[in-house]
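The values are calculated or read from the model by the stated rules, or taken from the named source; none is laboratory data. Just so it is clear, the structure is predicted and the values come from calculations on it, not from any experiment. In case anyone asks, the SASA skips ligands and DNA or RNA and just uses the protein heavy atoms, side chains included. Shrake-Rupley method; radii C 1.70, N 1.55, O 1.52, S 1.80 Å.
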Amino acid sequence: MATDYDAPRKTEEDLSEDSLEELKARRSDKSSGVVDEDETEAAEGFELPGADLSGEELSVRVLPRQADEFTCSSCFLVHHRSQLAYEKNGKPVCTECAA
C-alpha cells in the first residue's frame, strides 16, 4: 500500500475517536461474536494425513545406559555425567531439574 507523506497526520485524539467509533460499531453487531459450529463435531470429521499407523511397526535400536551416564531421579531422563548437578539422598539430579 502506498503512503502519502504529504497528507496531514492524525493526532492521537483523532486515532482514539476512530477506534471508539469502530468499537461501538462492533458492539452493535451482535452476530460477530457468535459461533454456530460445534467443536467436537468439527473435530470428528478432521483427519490428519497419514494418521492411520495401525499397520506400521516401529523399529528403534535402544542402547543401554553407558558407564558415563546417569538417570535423573527427577525427570527420569538419561544424561551424561557432565550434566550432574548434585545427588539428593544418593539419587542423582540433572542440571535442568536443579535449575
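Quick one: ranking Tyr5, Tyr86 by accessible area, 1.4 Å probe, largest first, what do you get?
Largest accessible area first, the list is Tyr5, Tyr86.
Just to make sure I understand: if all protein chains stay in place, what is the order of Phe70, Phe76 by accessible area at 1.4 Å, largest first?
Phe76, Phe70
For the full complex of protein chains and a 1.4 angstrom probe, list Val62, Val78, Val93 by accessible area with the highest value first.
The most accessible residue leads, giving Val62, Val78, Val93.
How much solvent-accessible surface does Leu20 expose, in Å² to the nearest 10, with a 1.4 Å probe and all protein chains in place?
Near enough 100 Å² of accessible area.
List every residue whose amide H lies under 5 Å from the amide H of Ser74, counting only residues 5 or more places away in sequence or on a different chain, with H placed 1.01 Å from N in the peptide plane.
Sorted by chain and number, the residues that satisfy this are Cys94.
Quick one: what are the phi-derived ³J(HN,Hα) couplings along the stretch 59-64, Karplus 6.51/-1.76/1.60 with θ = phi - 60°, whole Hz, x for glycine and proline?
10, 10, 8, 9, 9, x
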